[in-house]
Structure formats: C-alpha cells, structure tokens
C-alpha cells in the first residue's frame, strides 16, 4: 500500500508546474521508497552497472537516504516520448525565455529547439557553439540561454532537412521532433555542454539536463555523461528504438537533487554523419544519430 501511495504522490508532484525546491527534495525521497513498485521507475546512480558493493550501497542508504539521480527515458514516436518529456519539464519548473534582471532565476528551466537559428547558419557547418550563450546586450534575449557547446570535431551544424544536404539517404533515417531544425557536431559524435548564467559570462551549473534524439537504433551507441568539475557523476544510456523504427525518437533526461552539474557530454551515435557514411538501418556499419530539443534547469552561479 505504501508503494502504491508513494507512486501516486510522485505522479501528482511531477504533474504540478509550481514545484518548489522543498517539494523536489520530498519527491526525490519518496521516489527512493517507491522505486521498486512504480510502473515508471526512476533509475538511480547506485543501480548503474559496475557497483557491486552491497555493503557500500547499504552504507550510503543508511547515511544519506536519498537518491543521487532521477532518470527519465522513453523511446518511440512523438506521442510515445512526450509524456516522459513533460514529466521532466514539470520537475525542472517554469520555462524562462529572458535573462533575469537580478542576476539569474533561482529555479525553472531553459529549452533550445534550434528553430530560431537564422537561415545563414542553416544547412552548413557555420553554426557557432556559443550561439545560445551570448552576453552581448545588443543581441536578442533568445540568444541568452546560458549554453556553450564544444566538440573535439570540426564544429556544429543546424539543418532543416535532417542533414540530407550532407547525405541524401538521411532524409529517410531521421525525423524532427519539434519542426523543423535539428543539431549535430561535425566530424565527431561528441558534444560537450557548459553553462553560464543566461545573459552573462558567469560560469554556472545545472541540476537537470535532457535531450531528444532521432535515429538511436543501437542500445549502446548514445549516452550522456554528467560531471561536476572533473568528477564523473554518472553515465546514462539513451534508450533505443530498434532497427524496425529507424527514424524513431528517444529521450533521456537526468536530474540530480543534490549535485551541481558543470558539464554534460553527449555521445550521439557511434560515428559522425558524413557523405560516405550510411546508417546501419540503411546498409552502413554505424548507428548515426541527430539531436533535437535540449531541456535543462536554469543555470545557477
């Protein structure tokens, strides 16, 4: 009975947009008690493969009695992932579209769907990773979302043709979740995300970060890594849609109630897109993946 009541409480809490910091912490504590019985179980860092020390786990539970991370994940079509995405949004809180005039909002979320990127930076390799991290007062508020992207590759690209300008076969391999522009790193499958207080050059951290992907067919090709400085907080696999749904969507969002995240590394697929590389569902040897919406908690100083 306690498990059932706890699950109902969690669902109710997640569906309220006015969540305060204390309610978030209460939800996290309730989730720990109920995760064995909920139909949509959060996943916790202590559940990740490689932690085989039951005594250490018990010690952590006895001393802290709190989860280290709450994971939201879903795969399927647009309608299939939307409820999980909405739960993650509700947990993060109110969507902010302008910088704070008092040095940053203390709660809420930011979103990027790439559709505001101008045509001059679309369907080419010219998109700058600092585009949504501007502190220039002369630029519009839409450019001030506190996100800085970096890659070991050659840069970034935005497309409104699911990158068929790179390879014509891609038009059947990918879809757009929030039409119609999507995002990739060029020459690499790695994107590192850092944070600023929106509208400033002040370094910041977040507590939650999530991404919508298209084309995740392999269960091990795509993942998110979360760091506090150089300390790895956890690595989480993105759910796959399988080879029978090559253009399906996947969503993964992770929230840390008691940690600060300074960097999120995205591994999108097993190889970068290129003119000579087809997806494994189209006769290629690699699982190619593109990214759509980014959702993250308000960056805090």
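Taking segment 163-187, which residues are in a loop (DSSP other than H, G, I, E, B) and closer than 26 Å to residue 97 by Cβ?
Filtering segment 163-187 for residues in a loop (DSSP other than H, G, I, E, B) gives 163-167, 173-181, 187.
175, 176, 177, 178, 179, 180, 181, listed by residue number.
List the number of the failed condition for residue 244; all other conditions in (1) within 14 Å of residue 77 (Cβ to Cβ); (2) surrounded by fewer than 20 Cβ atoms within 10 Å (Cβ to Cβ); (3) touching a strand residue (DSSP E or B) at 6+ places or on another chain (Cβ under 9 Å) hold.
(3)
Out of 209, 236, report the one residue that is in the same structural domain as residue 163 (by TED's automatic domain parsing), under 19 Å from residue 177 (Cα atoms) and in a strand (DSSP E or B). If you could, list the steps in order and put the result at the bottom.
Values: 236 fails: under 19 Å from residue 177 (Cα atoms).
Selected residue: 209, the only one of 209, 236 that is in the same structural domain as residue 163 (by TED's automatic domain parsing), under 19 Å from residue 177 (Cα atoms) and in a strand (DSSP E or B).
Just checking, does segment 143-161 include any residue being surrounded by fewer than 21 Cβ atoms within 10 Å (Cβ to Cβ), at pLDDT 95 or above and in a helix (DSSP H, G or I)?
Yes, some residue in segment 143-161 is surrounded by fewer than 21 Cβ atoms within 10 Å (Cβ to Cβ), at pLDDT 95 or above and in a helix (DSSP H, G or I).
Filter segment 210-241 down to residues that are free of Cβ contacts under 8 Å to residues at least 60 places away in the same chain and over 26 Å from residue 299 (Cβ atoms) and give me whichever is surrounded by the most Cβ atoms within 10 Å (Cβ to Cβ).
The qualifying residue surrounded by the most Cβ atoms within 10 Å (Cβ to Cβ) is 219.
Return yes or no: is residue 269 crowded, with 24+ Cβ neighbours inside 10 Å and on the phi > 0 side of the Ramachandran plot? First the steps, then the outcome.
Working: crowded, with 24+ Cβ neighbours inside 10 Å: yes; on the phi > 0 side of the Ramachandran plot: yes.
In short, yes.
Residues to consider are 182, 151, 161; find the one that is touching a residue at least 60 places away in the same chain (Cβ under 8 Å) and at negative phi.
On the way: 151 fails: touching a residue at least 60 places away in the same chain (Cβ under 8 Å); 161 fails: touching a residue at least 60 places away in the same chain (Cβ under 8 Å).
None of the others qualify; the one that does is 182.
Applying the selection to segment 249-270, what residues are in contact with a helix residue (DSSP H, G or I) (Cβ under 8 Å, 6 or more places away or on another chain) and either part of a strand (DSSP E or B) or not assigned by TED's automatic domain parsing to the domain that holds residue 206 (or both)?
249, 250, 251, 253, 255
Any idea which of (1) over 17 Å from residue 213 (Cα atoms); (2) touching a residue at least 40 places away in the same chain (Cβ under 8 Å); (3) surrounded by 18 or more Cβ atoms within 10 Å (Cβ to Cβ) is the one residue 176 doesn't satisfy?
(1)
Can you tell me which residue is nearest to the chain's Cα centre (by Cα) among those in segment 55-108 that are in a loop (DSSP other than H, G, I, E, B), modelled with pLDDT of 95 or more and crowded, with 20+ Cβ neighbours inside 10 Å?
69
The values are calculated or read from the model by the stated rules, or taken from the named source; none is laboratory data. In this text, all values refer to a predicted model and were calculated from it rather than measured experimentally. Every residue, glycine as well, gets a Cβ built from its backbone with ideal geometry; the counts of neighbours run over all protein chains shown.
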